[in-house]
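K.L.:
Below is a structure I'd like to ask you about.
Values quoted throughout were computed directly from the atomic coordinates according to the rules given, and no laboratory measurement underlies them. Please read all numbers here as calculations on a predicted model, not as lab measurements. Cβ placement follows ideal geometry from the backbone for every residue including glycine, while neighbour counts extend to all protein chains displayed.
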């Protein structure tokens with residue numbers, strides 16, 4: 001029996017999202033000058049970042065590996081267990097995008113594809129892959 005291993009959103013990320021949302025709201029308040037549409041956009045941006053931060057607080061561990069399989073976060077904050085025998089492939093997908101290299105960890109069950117980024121894992125997907133393949 002091996003020890004469970006988990007990967008989580010970096011602890012500073014929800015704080016950064018909330019701070020960014022509040023900064024956008026303050027900026028909208030300062031620049032709106034009576035323009036309700038501009039103020040509404042600032043409120044919407046703040047609310048969106050707040051909801052995104054709440055997801056990070058409710059489900060900070062996005063991937064967990066143990067002897068039974070992988071537990072991944074699906075939807076907003078639901079956890080789904082993927083038994084090892086249902087997992088067809090685990091791979092890192094690398095693509096160029098906007099002049100940058102984007103890496104994602106893909107967990108393929110045949111019926112569903114779960115995609116995790118460096119932001120979800122707290123480490124590069126290529127660092128997670130060898131640990132999952134050893135199980």
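K.L.:
Could you give the radius of gyration (one decimal) and Dmax (whole number) of the Cα atoms in the chain, in Å?
P.N.:
Cα-based Rg and Dmax for the chain come out at 18.4, 63 Å.
K.L.:
Something else about it: With just the Cα atoms of region 85-135, tell me how far they stretch along each of the three principal axes, in Å, largest first.
P.N.:
37, 22, 15
K.L.:
Taking every pair of Cα atoms in region 9-58, average 1/r, invert it to obtain the Kirkwood radius, and report Rg/Rh to two decimals. Walk me through the numbers before you get to the answer.
P.N.:
Values: Rg = 11.9 Å, Rh = 11.0 Å.
Result: Rg/Rh = 1.08.
K.L.:
So for the pair residue 66, residue 80, with labels modelled 7 Å out along Cα→Cβ, what separation do we get in nm?
P.N.:
2.0
K.L.:
Suppose the chain between residue 55 and residue 131 were pulled fully straight at 0.36 nm per residue; how much longer would it get relative to their current alpha carbon spacing? Before the final figure, lay out each step's value.
P.N.:
On the way: separation 76, 0.36 × 76 = 27.36 nm, distance 2.58 nm.
Taking residue 55 through residue 131 to full extension adds about 24.8 nm, to one decimal.
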